[in-house]
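Structure first, then comments.
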Amino acid sequence: MTVSRTICLGFLAVILAGTLLLMLPISTQDGSWSNWVTALFTSTSSVCVTGLSVVDIGKYYSFWGQLFLVCLVQIGGLGYMTATTFLLLILGRKFGLKEKIAIQQSLDKQGLAGVVQLVQSIIATTLLFELTGMFLLMLVFVPKFGFYGGLWQSIFHSVNSFNNAGFSLFSDNLIGYVKSPLVNLVVPGLIIFGGIGYEVIMNMYLWGRDRFKRSSACVVFPLNYKIATRTTLALLILGTLVFLVMEFNNPETFGPLSFGHKLMAAWFQSVSPRTAGFNTIDIGKMTSGGLFFTIVLMFVGASPGGTGGGIKTTTFIVLGSCTQAVLRGKDEVQCFQRQIPISLILKAIAVFFGSLMVVIISTTLISLTDPGYNLNSPDDFLQILFEVVSAFATVGLSTGITAKLSVAGKLIIIATMYIGRVGILLLMGAVLGDPKPTSVKYPEENLLVG
């Protein structure tokens, strides 16, 4: 079995196991068997760290159902291969070449050196951030829900935040905490670090350690770090300003808030689409411009190696650099004084085109299975597009139509979430088989483009 098939089937196995667990009577509040579509949807959304749901998580699922959901989110955030590696490390099993190759491909790491050590550092980093987030959120939730209730709320939201899942135990998500400075700092902080990638976090740690020791060694950051950090920062600032302007006078979202609270809400909504799914305002009541800009942020997504989805910041920058090279009449694509290999350019184009096709196909299919959402007004079609991009980019934001979709529509969203989580190229590799190198070369010929 190929590596790509192992990873894809591994995710499917976890989703199916999660579906069975969430269907059990102990998982629901009323003690009855859950509907299989509901369980499958929730399990897929959890493993794919999306956050879309067709039920109210806090009211529908019991403590055990919520615990199963958190475990599925944690496995999904770490990745199937990383979670499996951690389990094998606990059991004391050694890794062969095949297992190391599978881990390397799932983490998108260059080379096999230090693969197992990387997994160990990922687990440690995850626990550090989630525990920190839990203790900070306890300051908000414990006074309101008591120690045990507040502790569980803190654990649940911390794990979902760092893994960019977006599930909440509150019916209105985090709208009730739109004015809470701590929630508006802790949750976005966990989302950013979870989505920026473990490699970037380790680069930050090494830089900070050298600065603390006052080492004279010059730290040279890799290109991935420069692109991930600068693009993330630019999109966060741009998103905050755009949401502040577009929603400033909207009576259904920012209107009733003070300027300071509007700024916090704009900041939160700038972070959440990349790609967590929490919200402190009613997404369904946003302006059309605000919804469309959110779609753009969701499609771009987080950074490689993190828990977020989308086409990734690096893909976005590589494509932008290609456009810049064409406009300047250059034959080489450069970024931060580094030349981008042609293989990465082709991969970026494939990721963008494949992702675009998935979004187009899924949107078209839901428009056919649920015609009531695309015949009334252009805004109804925008809601479908929003839902599909949210599913594909594993974001979890929704305008409120998820639960109203038909069974066929929900199954399409399930498939879209799965494709978005495993990655379009990895899925195609699993279906078609890993590409084989060829030495055949054909003559060049020009054609008209554009």
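The values are calculated or read from the model by the stated rules, or taken from the named source; none is laboratory data. Because the structure is predicted, anything quoted here is derived from the model rather than measured. Because the Cβ atoms are built from the backbone with ideal geometry, glycine has one as well, and the counts that use them run over all protein chains shown. The protein model used for the area step is the full one, side chains on, heavy atoms only, and it has no ligands, DNA or RNA in it. Shrake-Rupley method; radii C 1.70, N 1.55, O 1.52, S 1.80 Å.
Selection of segment 396-450 for residues being open to solvent by 40 Å² or more (accessible area, probe 1.4 Å) and of a type in the set (Lys, Arg) yields 404, 421, 436, 441.
Restricting attention to segment 156-180, the residues that are open to solvent by less than 50 Å² (accessible area, probe 1.4 Å) and on the phi < 0 side of the Ramachandran plot total 17. There is at least one residue in segment 385-395 that is among the β-branched types (Val, Ile, Thr), modelled with pLDDT of 95 or more and either surrounded by fewer than 18 Cβ atoms within 10 Å (Cβ to Cβ) or closer than 18 Å to residue 283 by Cβ (or both). Here the condition is being in contact with a Phe, Trp or Tyr (Cβ under 8 Å, 6 or more places away or on another chain) and not basic (Lys, Arg); of 351, 326, 359, 296, it holds for 359 alone.
Criterion applied to 187, 183, 140 was being open to solvent by less than 60 Å² (accessible area, probe 1.4 Å), farther than 27 Å from residue 47 by Cβ and modelled with pLDDT of 95 or more, and the one residue passing it is 140.
Conditions (1) assigned to a helix (DSSP H, G or I); (2) of a type in the set (D, E, K, R); (3) at pLDDT below 85, marked per residue:
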residue	(1), (2), (3)
205	yes, no, yes
226	yes, yes, no
242	yes, no, no
245	yes, no, no
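When segment 247-265 is filtered for residues that are farther than 19 Å from residue 400 by Cβ, assigned to a helix (DSSP H, G or I) and not hydrophobic (A, V, I, L, M, F, W, C), the ones remaining, listed by number, are 260, 261, 262. The residues of segment 406-450 that are farther than 13 Å from residue 355 by Cβ and of a type in the set (S, T, N, Q), listed by number, are 406, 438, 439, 446. For residue 222, state whether it is open to solvent by less than 80 Å² (accessible area, probe 1.4 Å), within 18 Å of residue 310 (Cα to Cα) and of a type outside the set (Gly, Ala, Ser). The answer is no for residue 222.
Restricting attention to segment 35-79, the residues that are more than 20 Å from the chain's Cα centre (by Cα), farther than 24 Å from residue 422 by Cα and either of a type in the set (A, V, I, L, M) or open to solvent by 10 Å² or more (accessible area, probe 1.4 Å) (or both) total 9.
Residue-wise test of (1) more than 25 Å from residue 48 (Cβ to Cβ); (2) at pLDDT below 95; (3) touching a helix residue (DSSP H, G or I) at 6+ places or on another chain (Cβ under 7 Å).
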| residue | (1), (2), (3) |
| --- | --- |
| 106 | no, yes, yes |
| 118 | no, yes, no |
| 134 | no, no, yes |
| 151 | yes, no, yes |
| 154 | no, no, yes |
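Specify the residue that is nearest to the chain's Cα centre (by Cα); the eligible residues are those in segment 387-439 that are of a type in the set (D, E, K, R) and outside any helix (DSSP H, G or I). Out of the qualifying residues, it is 434.
Just one of the numbered conditions (1) touching a residue at least 24 places away in the same chain (Cβ under 8 Å); (2) under 24 Å from the mean Cα position of the chain (by Cα); (3) open to solvent by 10 Å² or more (accessible area, probe 1.4 Å) is not true of residue 257: (2).
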